[in-house]
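Derivation of every value follows stated rules applied to the coordinates shown; laboratory data play no part. Please read these numbers as outputs of a predicted model, since none were measured by experiment. Please note: Cβ atoms are built from the backbone with ideal geometry, for glycine as well, and neighbour counts cover all protein chains shown.
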Amino acid sequence: MFELLAIFIALAGTIIASYYDLKTTEIPDLLPIVMIIAGILINALDLFFTKNFENLFLSLLNGILFAAIGFSMYFGGQWGGGDAFLLAAVGFLIPKNFFIKNDLPFFFTYLTNLFFLGSIYMIIYSIFYALKNKKAIRNFKGQVKRFSWFFLFLFISFLAISFLFSYVFFNRIDIVLLLLTPTLTCFLMLIWLFSKSVEKSFIKKIPVSQLKVGDVLMESKRWDGITEKEIEKIRKSGKKYVYIKSGICFAPAFPIALIFTILYGNSIAILLNLLSLI
């Protein structure tokens, strides 16, 4: 009963956070705080009725570790504060995967799924964004043209490395594997260039008169929205225009990773098992 309640709150909370993030690019501060309090209370009640300390201990451990990772991402300028709190909330709510008993620890599995499936989500998000934003497409085409010589150098270099590696360690040449490494390397480079192109299109120049609370200034090292007091200061400085930045709304990755974790377990372990069958 407690397990299902915790999972329901975690799913509902992350879905609500996703809605607000996509609609307003902000996650309400109160939402993850309520989720954290609910997680601690639910697992404390579990201890009271079952006399088993495991779930409460794992809940506190997961929550603290998730908070440390989330705020490391925040202070590193990769996440907003809402994302960091949301990750901690999931940790406090769910101590372990109750449905897949033999899977890796929930802490490791959820983080793996969040970053792996989150990366796929970000690529899909970027593609849809780029299709609607001609500036992103222009940036990407320009970057590919600029680095075309580097792609050729990268492909030839990794082809040579793959050839030597196969010959020295396996005494045989597999054409498929030989071409796979340089092709995959160039593909990952393309993805990186694409993400950088989309990232540049998130930067906008706006009149100071249009600046509003919650906008993130381009020079900000963290994803902290500007306050009314800071807006007044900028207006008094005499500036006419400022650059603001937005980013990919990452909150939807949280319920996606959570659903996958509950139903299937560790995505990387599943992928490796599938590759071993090929």
Nearest-20 debye value, the chain charge dipole, Cβ charges on Lys, Arg, Asp, Glu
1620
State log₁₀ I(q)/I(0) for segment 120-267 at q = 0.09, 0.11, 0.12, 0.18 Å⁻¹ as given by the Debye formula over alpha-carbon point scatterers of equal weight, solvent excluded.
-0.50, -0.68, -0.77, -1.08
Among all the lysines, which ones have a C-alpha under 26 Å from K141's C-alpha, if same-chain residues fewer than 8 places away are not counted?
K132, K196, K200, K204, K205, K245
Among T261, L61, L190, the residue whose Cα sits farthest towards the positive end of the charge dipole of the chain, when +1 is placed on the Cβ of each Lys and Arg and -1 on the Cβ of each Asp and Glu, is L190
What fraction of the Cα pairs in segment 2-96, stated in percent, has a spacing above 21 angstrom?
30
Taking only DSSP H segments of four or more residues, each worth -39500 (n - 2.57), what value at 222 nm results for the chain once the sum is divided by all its residues, to the nearest 500 deg cm²/dmol?
-24500 deg cm²/dmol
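Quick one: which of 13-22, 88-97 comes out on top by average Cβ neighbours within 10 Å, and what's the full order, highest first? Kindly include the intermediate steps, with their values, before the conclusion.
Numbers: 13-22: 19.3, 88-97: 26.2.
Averaged packing, sorted descending, gives the order 88-97, 13-22.
What's the magnitude of the charge dipole for segment 2-96 around its Cα centre, counting Lys and Arg as +1 and Asp and Glu as -1 at the beta-carbon? Answer in Debye, nearest 20. Before the final figure, lay out each step's value.
Values: 3 positive and 7 negative charges, 26 e Å.
The dipole of segment 2-96 has a size of about 120 debye.
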The chain, Rg to Rh (Cα coordinates; Rh as Kirkwood inverse mean 1/r)
1.06
In whole angstrom, note down how far apart the Cα centers of segment 208-278 and segment 105-145 are.
12
Membrane-span-like helices (DSSP H runs, Cα span along own axis at least 20 Å, mean Kyte-Doolittle at least 0.0) in the chain -> 2-24, 30-50, 54-75, 106-132, 148-170, 175-201
At a 10 angstrom cut-off on C-beta neighbours, averaged per residue, how do the peptides 45-54, 214-223, 77-86 rank from highest to lowest?
77-86, 214-223, 45-54
